[in-house]
Amino acid sequence: MENYSNKYDETDPISIETYAKNLIGKTFADICRQDDITKAMVVRETADYEVKHENKKRKGGLGELIEERFFHYQANNDARPDFDKAGVELKVTPYKQNKNGTLVAKERLILTMIDYFSVVNETFEDSHMWQKARLILLVYYLYQQEIKNRLDYRIGYVKLFAPPEQDIKIIKHDFEIIVEKIRNGKAHELSEGDTLYLGAAPKAATSKDRRKQPFSEELAKPRAFAFKNSYMTYVLNNYIIPGKNTYEPIIRGNAEESFEDYVVHKIDMYCNQTVTELCSTFHIEYQKKPKNLEAMLAYRMLGIKGNHAEEFEKANVVVKTIRIAKNKKIRQNMSFPTFKFKELVDEEWENSTFGNYLRETRFLFVVYKFDQQDELKLKGCQFWNIPYDDLESNVKVVWEKTQKVIREGLQIEKKNGKNYNNFPKASENPVCHVRPHAQNAKDTYELPDGRQYPKQCFWLNNSYILSQLDKSFIED
């Protein structure tokens, strides 16, 4: 029997990382081939080992394979970190390459299941979640859609990752927001949009799975603490891949208050200044009026020279500017990315593109208002994510009707040279509707019946957005 204990020191994180770097460039099949399974005492099931781990439905299959066939320790569901003596957790996670060459995390990083009953008695520092998250050996493998056998995926990066100090502050605040919601008997209303880097991600075998929570009779979906997809993409591009440029941070040094309070205070310093005055302050030529001028001004107020802030990228915060008219109404509805008819038809609401976008996204509304002289003035900003009840009732109704319309055949009629259809209208629902979002009539997607039709997207109603704003922005 070969002795594997001398390959790495299980008490030393650097030794573990150095040994793990031998994985770079190898496929999972390579790892199985280079290791004689009959000698690996920790492997419980030698028959059909590869076949079983190739199965995409096998929970933790690839991580388990690295544990057993490379590190030679027994895979387990222990609450402690995988390399307990070194305090290191092993996570095997996919990334993919977009058409433009950029690398993105394929999914969020699941840390540990949330036990609704025990987490309410934990502090952040002593929590199961933080034991798993404070020092992670990240093994990133390249996911490629054309590869059908997942054992043929290739490992691209291996590195120890400890969240930096400025991230820990935000992760701790996220943890406290999640736990506070559970303490308030609202585990069933948890949403990834509540928080910035650390999310409460749904983690169930089926969409019907529910479990008890301590301070309410209502059953809640099983959830896990997870680093969000956006955070893992940032980690990959800025901490794992060497020599990459990082985005500018909003907070440089220490801030006393939470990140969100800091952002609100920074923007509040410019309250009641006109757009013209703000352009003068930040040396932007108002006459040339760049596209997204009001959003650009928000970044300048936060001390960001470009239009990407490090914390917003990590947290998937989307900046939306809102203009309130003199009559205290909003003219614009809020649009979202276009949907492909043929894809939406095959989705389920629980895991739909639009539903997940709203579940996982936190917005920063930067609000401007026209005064009596028709000057546009900054009124302030607020962080927002869609309330659980609005998403799971009104938005769901519109999404289901949209799917039904596409599935049963979109009805189109021309009146006075204009196209009319039977997608849900703004007058039918208090929260959202469907409207075109195409550059012109030729900018189309294919319907399931083969017809081409101008691209459409979901829009939040202007009246709904107005109802979600802090009342102080609306009143003079």
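Structural remarks
- Karplus 3J(HN,Hα) series, Hz, for the range 17-24 with 6.51 cos²θ - 1.76 cosθ + 1.60 (x for Gly, Pro): 5, 4, 5, 5, 5, 5, 6, 4
- The range 233-295-the range 400-458 distance, computed between alpha-carbon centres (Å): 36 Å
- Inter-probe distance in nm under a simple model that places probes 7 Å from Cα toward Cβ, at ASP389 and LYS415: 3.5 nm
- Tilt relative to the chain, helix 259-268 - C-alpha long axis, 0 to 90 degrees, to 10: 20 degrees
- Here the gap between ASP443 and ARG183, fully extended at 0.36 nm per residue and compared with their Cα-Cα distance, gives a gain of 88.7 nm.
- Among the listed pairs LYS288/LYS326; LYS181/LYS425; LYS340/LYS415; LYS21/LYS106; LYS379/LYS415, those beyond 30 Å (Cα-Cα): LYS181/LYS425; LYS379/LYS415
- Rounded to whole Hz, the Karplus (6.51, -1.76, 1.60) HN-Hα couplings of the range 445-452, x for glycine and proline: 10, 8, 7, x, 8, x, 6, 9
- Sites listed here are trypsin sites (Lys or Arg not before Pro) in the range 394-476 whose DSSP assignment is loop and whose Cβ has at most 10 other Cβ atoms within 10 Å: LYS442.
- Put a dot 7 Å past the Cα of THR338, heading toward its Cβ, do the same for THR206, and the two dots end up 3.8 nm apart.
- The value of relative contact order for the chain, using C-alpha pairs under 8 Å at least six residues apart, is 11 percent.
- Charge tally in the Cβ shell below 12 Å around PRO424, where Lys, Arg are +1 and Asp, Glu are -1, PRO424 excluded: +3
- Carbon and sulfur %, accessible surface of the range 320-476 computed with the full protein complex present, 1.4 Å: 45 percent
- A simple spin-label model places the labels of SER463 and ASN356 3.3 nm from each other, with each point 7 Å out along Cα-to-Cβ.
- Calculated Rg and Dmax of the range 259-473 using C-alpha coordinates, Å: 19.2, 55
- Loop-located GluC sites (Glu not before Pro) in the range 125-192 (DSSP state other than H, G, I, E, B) with a sparse environment of at most 16 neighbouring Cβ atoms within 10 Å: GLU125, GLU146.
- The string of couplings for the range 317-334 from the Karplus curve (6.51, -1.76, 1.60, θ = phi - 60°) is 8, 9, 7, 10, 9, 10, 10, 9, 6, 4, 7, 6, 10, 10, 7, 7, 7, 9 Hz, one whole number per residue in order, with x for Gly and Pro.
- Accessible area expressed per residue, the chain, with surrounding protein chains retained (probe 1.4 Å, Å²): 51 Å²
- Peptides 105-113, 9-17, 294-302, 220-228 ranked from most to least packed, by the mean per-residue count of other Cβ atoms within 10 Å: 220-228, 294-302, 105-113, 9-17.
- Each Cα pair under 8 Å and six or more residues apart adds its separation to the average, and for the range 386-476 the resulting relative contact order is 22 percent.
- From the coordinates of this entry, Rg and Dmax of the Cα atoms in Å is computed, and it appears in (i) 25.1, 86; (ii) 22.9, 72; (iii) 46.3, 174 under the label (i).
- Length available on full extension from LYS288 to HIS308: 0.36 nm per residue minus the Cα-Cα distance, which gives 5.1 nm.
- Helical content alone sets the calculated 222 nm signal of the chain at -7500 deg cm²/dmol, taking -39,500 (n - 2.57) per DSSP H segment of four or more residues and averaging over every residue.
- Taking a ≥ b ≥ c as the square roots of the eigenvalues of the Cα gyration tensor, an a/c ratio of 1.5 or more together with a/b no larger than b/c marks the range 367-439 as oblate.
The values are calculated or read from the model by the stated rules, or taken from the named source; none is laboratory data. Small disclaimer: the values here were computed from a predicted structure and weren't measured. No Cβ is skipped: glycine too gets one built from the backbone with ideal geometry, and neighbour counts run over all protein chains shown. Surface accessibility is based on the protein's heavy atoms, side chains included, excluding ligands, DNA and RNA. Shrake-Rupley method; radii C 1.70, N 1.55, O 1.52, S 1.80 Å.
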